[in-house]
Amino acid sequence: MEKVARLNRFVASYALALAVLLTFLNVVLRYIFGTSLSFSAELASYLFIVSAFFAASLGFKERIHISVEFISKKTFLGKLARYVSFWITLIFLLFIAIFGIEFVSLAFDMNEISIDLNIPMWIIYMIIPISFFLAAFWHIKSDIK
Amino acid sequence: MISLTLFGLLLSLMALGVPVAIALGASTAFTLVFLTDFDPVAISALMFESLDKYALMAIPMFILAGNLLSKGSAAQRIVNLASSLVGHLPGGLPLSAIMASVIFAAVSGSSPATVVAVGSIMYGAISDAGYPKSYAIGTIATSGTLGILIPPSIVMIIYGVTADVSIGKLFMAGIIPGLMIASMLLLVTYVGAKRLGFKRAQAQTFKQRLIALKEASWALLTIVFIIGGIYAGIFTPTEAASVAVVWALFIAIYIYKDIGWSEVEEVLFSSAKTSAMILFIIANAMIFSFLLTIENIPQDLTSYLLESGVTPIIFLLMVNVILFFAGDFMEPSSVIMVLVPLLLPVALTLGINPIHFGVVVVVNMELGMITPPIGLNLFVASSISGLSLKDVMIASLPWSLTILVGLILVTYIPQISLFLPEFLY
């Protein structure tokens, strides 16, 4: 459990750090050396997406996703609303994750290749199912606690 | 039928307390699956594509740069500089808080972050000096909202991506309105303080001011990099953000020696988390507005409004009212992503400049941040001061009304926003 959380946290943090460094590096290369690495902008974009979705997943554990609270949690209605809200969130996260797998396999079948990095797109698209399954996992965990 | 289901579901889910991001995504997914013949795979694909935008990358970077600077002494140095400049005037400390917020707004892209950075230093100082609580918390909560109007601004990046306009131009368009509203806030504070006859502090000598400036100069250089770089066309906003991060890291570790490398990971993670909260809303709101667009809902709304003979003046008034209420219930990124695709086509048909429209939207979001129930700045200000949300809101009232006056000026005098970008580009 803690290991998964630590790994999730590591990926979210360092993907962002790398994205910043790659973008900065490209600025330096362009203005000081007059060249640029074609793959770095693309890689930075994907790392940014990795960081965003993985941090969002872990966010379900730490309850960072804001919601509006109209009904007091202590009333019966509030408890019911919380219950319904729990299931809607879970179903949605699993929905995106499961169709995310299909999205990955479609890209696999079509042999999509990324423009500059030349890696198969299905590997990059894996971000969606993995991060949404993780999000669903943390969502369940945080509710049980 | 589709638009009714979509908005009905969104509102009901939000009322149930479903996180805003999920409410946006789930209402779209439901409508898409049951009322259209779209393949559900498209939703997962769109979720990925909605964040696959170079401009959005500036958001976590500006958050990271702001966090690196506010974790250390940079905020304190900016406060010192501000109080050396205006601290001796009537209402000197609250005036300094406003000045410091303006300077910090030009370093950070977010409004709650500005309130935290300046507020946690200034609140105690202002109350200890014997000012009424309203002066202490009202100025901090309201001047903090300038964080999203004075560039860099996360909210402007989101508007730029949604409305497909140049973020660089938007940034430039925010400068004059930002300084104008800041001067209005300063003026209200000054006049009020003079009337109430608060005691003054000793004016600092020119030499002391110079020292304060020197102490803060490294942090101030961040502003030169960000605004100057974009202004001169050297950087795109995303590149400027990456330069700001590296610079902030450099001064926090080597110049001010506020943090060590071991603390960087913590700052990285907290920044990734804050960004993810916003980006996850954006990803979900993007599929929501995608559905709006393919169902031609914006076009229908446009032709409906044009047929009913709406004029630009009335339309802008309507926009302000709608955004004000929406801004009360949702935070800025979701308001922009849901409402701008609906309202912008109408604005464009009526001949309203999209950059000007963006500034109107942003100033509106400032007001939303200091009005309940979801005023982010109110929450932050209340946690800093220990006052209740209601007390903070009432204390902020004189300054909130000042921002409202600023909004009216910005709405009906487009030149305030457009002068600088038109002059530069």
Report task. Scan region B:1-37 for residues that are over 22 Å from A:F53 (Cβ atoms), at the interface with chain A (Cβ under 7 Å from one of its Cβ atoms) and not aliphatic (A, V, I, L, M) and jot them down. Result -> B:G17
Report summary line: With criteria (1) more than 13 Å from chain A (Cβ to nearest Cβ); (2) open to solvent by less than 10 Å² (accessible area, probe 1.4 Å); (3) farther than 21 Å from B:V335 by Cα, B:A65 comes up short on (1)
Query raised in the report: Can you tell me which residues in region B:38-57 are closer than 19 Å to B:V338 by Cβ, facing chain A (nearest Cβ under 9 Å) and open to solvent by 30 Å² or more (accessible area, probe 1.4 Å)?
Result: B:K53
Requested in this report: Give the number of residues within region A:55-83 that are under 30 Å from A:N26 (Cβ atoms) and within 8 Å of chain B (Cβ to nearest Cβ).
Outcome: 4
Requested in this report: Can you tell me which residue within region B:231-244, out of those that are open to solvent by 10 Å² or more (accessible area, probe 1.4 Å) and among the β-branched types (V, I, T), is farthest from the other protein chains (Cβ to nearest Cβ)?
Outcome: B:T236
Report summary line: When (1) at the interface with chain B (Cβ under 8 Å from one of its Cβ atoms); (2) open to solvent by 80 Å² or more (accessible area, probe 1.4 Å) are applied to A:E2, the one that fails is (1)
Report task. Looking only at region A:95-114, count how many residues are open to solvent by 50 Å² or more (accessible area, probe 1.4 Å), under 24 Å from A:L37 (Cβ atoms) and within 12 Å of chain B (Cβ to nearest Cβ). Result -> 1
Requested in this report: Say whether the condition of being under 23 Å from B:P19 (Cα atoms) and within 14 Å of another protein chain (Cβ to nearest Cβ) is met by at least one residue in region B:287-297.
Outcome: yes
Query - Residue satisfying all of: in region B:320-334; free of Cβ contacts under 8 Å to residues at least 60 places away in the same chain and not charged (D, E, K, R); farthest from the other protein chains (Cβ to nearest Cβ) among these - result: B:V321
Query raised in the report: Restricting region B:393-425 to residues that are under 23 Å from B:L317 (Cβ atoms) and small (G, A, S), which is surrounded by the most Cβ atoms within 10 Å (Cβ to Cβ)?
Result: B:S417
Query - Subset of region A:31-54 [farther than 18 Å from B:K53 by Cα and within 9 Å of chain B (Cβ to nearest Cβ)] - result: A:Y31
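The values are calculated or read from the model by the stated rules, or taken from the named source; none is laboratory data. Keep in mind it's a predicted model, so treat the numbers as computed, not measured. Quick reminder, even Gly has a Cβ in these numbers, built from the backbone with ideal geometry, and neighbours come from all protein chains shown. To get the accessible areas, we keep the full protein, side chains included, count just its heavy atoms, and leave off ligands, DNA and RNA. Shrake-Rupley method; radii C 1.70, N 1.55, O 1.52, S 1.80 Å.
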